[in-house]
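So the structure is just underneath, and the comments pick up after that.
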Amino acid sequence: MEQLNQLLTDTLGPLGPLIVVGVLGIALIAAVLPVLLKKTVDPLSKFRDMAKPQAATTTAKDGKQKKLRASAGGGAKLDKFATFLEPQSQEEMSAARLQMTRAGYRGKHAVRTFHAIQFMLGIICLILGVIYALSQAGSADVSTTKLAMYVIGPGCLGYYFPKYWVQRRVESRQAEIQNGFPDALDMLLVCVEAGQSLDQGIIRVSKELKTGYPALGEELEIVSQEVKAGKDKPTVLKGFAERSGVQDVASFVTVMIQSQQFGTSIAEALRVYAGEMRDKRVMRAEEAANKLPTKMTLGTMMFTVPPLLMILVGPSVYDMMQLFANFRL
């Protein structure tokens, strides 16, 4: 490897190994992309294409055809890259869609758009890293390893930043749903005790929570719309628990399903569960408060103890140094 590195350096200059690695990478990408972008033709696609203009368009008075439905959005432009931008197995695709849904991105092409942004951001940051590495190549004290890190580091950062963003979005929405869920249960209990049904109470609570807890209000609105559409209530509630990913919501869904199956009072179940959720919220607040002294210990030791030692011990140390100096004289 040392002989090969020396040969490339003598032939192509200080950036010889980096140029060879870049050329090999581009060659591999050019060889693999046609295979990844090759889309298998569905035999039934011809019949669907023939039936689509008749079902999706209508003739206006001026003889022109107008669309009955809105376009699918920017994600439809990535159809030819679907094989490259989407997971091929059903399990991975379901997990990716669930992750995007929990992050608040419910579009039909959310997974495809996410992978496209991830790929484009990685390539752009990689190009920026190459430009920066070429600008630093003139320095004599810059090694080949540092140049390679200048190229690979921004590329990896740009590739993994969308994953970090989506994960932070999921955690933020789950924390918001968990914090607002006790209030939602209290409001739902008031609606049920006032004579409204559970479906009407969910609609009212979703409208009231949009200002304080937008994520929870949006999820409850989806539940109400699915119930209006005629879906089975246990299925709708299970979908709500799966989309939110919060354990408290999953327990609430189990309580509601069991209450409906056994014919018990929904108001009583809501009253008991709402009390438990309020107690859990207080316990979470107390737990966070009890963690503060431990978290502040390091900061206290770093920013308080050294100045205190300088004030208390500094004069004594100075006097001792002066005493030793006079003793030597």
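Other residues with beta-carbon under 11 Å from the beta-carbon of Ile257 carry, at +1 per Lys or Arg and -1 per Asp or Glu, a net charge of +1. With K and R counted +1 and D and E -1, the other residues having a Cβ less than 12 Å from that of Val170 yield a net charge of +4.
Over 22 Å apart at the Cα level, from the set Lys163/Lys238; Lys163/Lys231; Lys108/Lys163; Lys163/Lys295, are Lys163/Lys238; Lys163/Lys231; Lys163/Lys295.
Looking at region 206-286, the accessible area is 54 square angstrom per residue; that uses a 1.4 Å probe and ignores ligands, DNA and RNA.
Given their separation in residues at 0.36 nm each and the Cα-Cα distance between them, Thr304 and Ser94 gain 70.5 nm when the chain is fully extended. Peptides 258-268, 308-318 ranked from most to least packed give 258-268, 308-318, packing being the mean of other C-beta atoms within 10 angstrom over each peptide's residues. Available extension along the chain between Val23 and Leu312 is 97.7 nm, counting 0.36 nm per residue and deducting the alpha carbon span.
The values are calculated or read from the model by the stated rules, or taken from the named source; none is laboratory data. Values in this document were obtained by computation on a predicted structure and should not be read as measured data. Quick reminder, even Gly has a Cβ in these numbers, built from the backbone with ideal geometry, and neighbours come from all protein chains shown. All accessible areas refer to the heavy atoms of the entire protein, side chains included, with ligands and DNA or RNA removed. Shrake-Rupley method; radii C 1.70, N 1.55, O 1.52, S 1.80 Å.
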